Amino acid sequence: MIFSREYAKYWWCTGFKPGHLRVVEPAKELRTVNRITFKDKEMAKLLYNQQDIYFIGRQNSYAVSLEASLKMKEISYIHSEAYAAGELKHGTISLIEQGTVVIAIAHNSEVLQKTLSNIAEVKARGAKTILITDNKKIEKNGEIDEIIRVDTTLKEFSPSLLVLPMQLVSYYTAKLRGCDIDKPKNLAKSITVE
C-alpha cells in the first residue's frame, strides 16, 4: 500500500494550482472500495488457478499495472508481469496464447482508446481480458470479458484508485490458493540486513 499512498500524495500535490487552494476529500474518493469488493471476490475465482497473468497500461495506468502485478505475485505466488500497453508489439504479444489472462488498467484519459485497441490485439490471440477503468461508458463486449469499474470524481485520484481493486483481487486470489497472506514467503515486513 506504500506505492498507493505515495502515488496519491503525488497527485494530490500536483492538483494544486498557484494562486488558489483546491480542497479535496481523499476519504470520499476511497469509499469506492466498498462498492467493488463483491466483484473482486468473483474475479479472484477466475484467477486463482492461472499460471501467468499479464497487466497492461499506458502512462499513469502503466505505473498502476506495475503495482498490481507486484501485489499479485507477492501474495498469491502467481507469475505476473506488467507491460506498457504501447510496447506489446515488441515481443510481449508473443507470450499471449489461448486462455492467458490479460488485465488492462485504463483511466479515462486521452489514451483510453489506444488501450482498448491493445485489448483487442490480445483478445485476437485468445486472451481472457479484464478491464479496470473509471470510464462509465465502456461495456463488456467481444473483446472485454470482464470489467471492474471504479467510481472517481477527481481525475487526479483516478490512477491511485484504480490500483485498489487489484490489491483486493490479489488478496482474495491468495486466499483461494491457501497462501499465508499475513506472512508471504521470502518477504520481510522490515529490512533487517543491508
So ASP180, is it open to solvent by less than 40 Å² (accessible area, probe 1.4 Å) and acidic (Asp, Glu): no
Within the range 48-102, which residues are closer than 24 Å to PRO159 by Cβ, in a loop (DSSP other than H, G, I, E, B) and in contact with a Lys or Arg (Cβ under 7 Å, 6 or more places away or on another chain)? ARG58
Qualifying residue in the range 88-95 (condition: over 17 Å from the mean Cα position of the chain (by Cα) and modelled with pLDDT of 90 or more): no
Looking at this structure, is LYS89 surrounded by fewer than 16 Cβ atoms within 10 Å (Cβ to Cβ) and touching a Leu at 6+ places or on another chain (Cβ under 9 Å)? no
Kindly provide the set of residues from the range 129-153 that are open to solvent by less than 40 Å² (accessible area, probe 1.4 Å) and part of a loop (DSSP other than H, G, I, E, B), ordered by number. ASP134, ASN135, ILE138, ILE144, ASP145, VAL150, THR152
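For every residue, the table says whether it meets (1) of a type in the set (Asp, Glu); (2) assigned to a strand (DSSP E or B); (3) modelled with pLDDT of 90 or more.
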residue: ALA104; (1), (2), (3): no, yes, yes
residue: THR115; (1), (2), (3): no, no, yes
residue: ALA174; (1), (2), (3): no, no, yes
residue: THR192; (1), (2), (3): no, no, no
Just one of GLU146, GLU97, GLU67 is under 18 Å from LYS39 (Cβ atoms) and among the acidic types (Asp, Glu); which is it? GLU146
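The values are calculated or read from the model by the stated rules, or taken from the named source; none is laboratory data. The model shown is predicted, which means the values in this text are computed figures rather than measured ones. Please note: Cβ atoms are built from the backbone with ideal geometry, for glycine as well, and neighbour counts cover all protein chains shown. All accessible areas refer to the heavy atoms of the entire protein, side chains included, with ligands and DNA or RNA removed. Shrake-Rupley method; radii C 1.70, N 1.55, O 1.52, S 1.80 Å.
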